[in-house]
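The next block holds one structure in the form of structure tokens; read it before the comments.
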Amino acid sequence: MRWEGMRESENVEDRRRSGTKMVVGGGVGTLVIIILGLIFGVDPSALLQSQPGAGVSAPSAHEGVDQTNDPREDRQAKFSSVVLANTEDVWTKLFSQSGKRYVPPKLVLFRGQVESACGFASAAVGPFYCPGDSNVYLDLGFFDELAQRFKAPGEFAEAYVVAHEVGHHVQNLLGISDRVHAQRRRMSEKEYNALSVRMELQADFLAGVWAHHAQSMNNILEPGDLESGLRAASAIGDDKIQMQSRGYVVPDSFTHGSSAQRVKWFRRGLETGDIKYGDTFNSPDP
């Protein structure tokens, strides 16, 4: 992916040097947290509070010390900042075309654990967007998880991660998130899971819309990038996650969509670049 030399965003807060490390009880509970967290958009506080022994923090060896960052991680931080700046350019343009003003989110980089308006979060929950403070939270170690655990390496796969979370921010600005969350109390768990799937698939679609316009504006794609992004979308489907963790699949418990669904909507955004084709909520076959 072409990104070096491009503008970096000013909306980045680097908290990597001020965190503590999270100590979480081992066993199945830890695995569940990790697996659920690696699927984007999970409410971190709900995950952590529901696990026995979770939420026990211990001071890091680096707490209160000005840590020296890993050069490789610093490169990932710079890359993430460039991707964020790219999303700012794309969504500012698209919002302006529809007579709206785009207010960009802040990207918060952290290590181990972080406080957000949505509650306390461990790195185990993966990248997430918090509508309470309009921040995207990212522990850069997730990129290694994406490459090693989920076999989806590549910079465009990493860019997809950031763009998906920014997609949730776009939903928040458009009032979609509020409408979805308002229905939670009126639905069964199964019904709300199905609605959550449609919301996540739309965020995948919006990530594709970003990539479509980023390519036309900045020519970011290199050979193999599309395959890398689609591989990432497939790798984090609920069906693959469940099969890895428990050996069987429970579709009624899906909250983010199957691998095929995630690839379908990300690809649709890539191909059309038009928000009007991303109404996952009224699609008869998401």
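Every number in this text was worked out from the coordinates using simple rules, so none of it is lab data. Nothing here was measured: the structure is a model prediction, and the numbers come from that model. Cβ atoms come from the backbone with ideal geometry, glycine included; neighbour counts cover every protein chain shown.
Give me Lys190, Lys106 ranked fewest to most by other Cβ atoms within 10 Å of their Cβ, as a rough exposure proxy. Intermediate values should be presented prior to the final figure.
Numbers: Lys190 11, Lys106 16.
Final ranking by Cβ density, sparse to dense: Lys190, Lys106.
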Here the gain from full extension of Lys93 to Ser188, 0.36 nm per residue of separation minus their alpha-carbon distance, amounts to 30.3 nm
Whole-percent tail of the Cα-Cα distance distribution for the stretch 163-286, cut at 17 Å, equals 57
Residue span Met217 to Phe281: 0.36 nm per residue of separation minus Cα-Cα distance leaves a gain in nm of 20.1 nm
Over 20 Å (Cα to Cα) among Lys190/Lys276; Lys151/Lys240; Lys93/Lys276; Lys240/Lys264 -> Lys190/Lys276
Whole-Hz Karplus couplings 3J(HN,Hα) for the stretch 226-237, θ = phi - 60° and coefficients 6.51, -1.76, 1.60, Gly and Pro as x, run 4, 4, 4, x, 5, 5, 5, 4, 5, 5, 9, x
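Can you put Leu94, Leu140 in order, fewest other beta carbons within 10 Å first? Kindly include the intermediate steps, with their values, before the conclusion.
Values: Leu94 19, Leu140 23.
Least crowded to most crowded, the residues run Leu94, Leu140.
Please rank Ser80, Ser216, Ser259, fewest neighbouring Cβ atoms within 10 Å first, as an exposure proxy.
Arranged by neighbour count, lowest to highest, Ser80, Ser216, Ser259 become Ser216, Ser259, Ser80.
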Square roots of five times the C-alpha gyration tensor eigenvalues of the stretch 238-286, ordered largest first and given in whole Å, equal 25, 12, 6
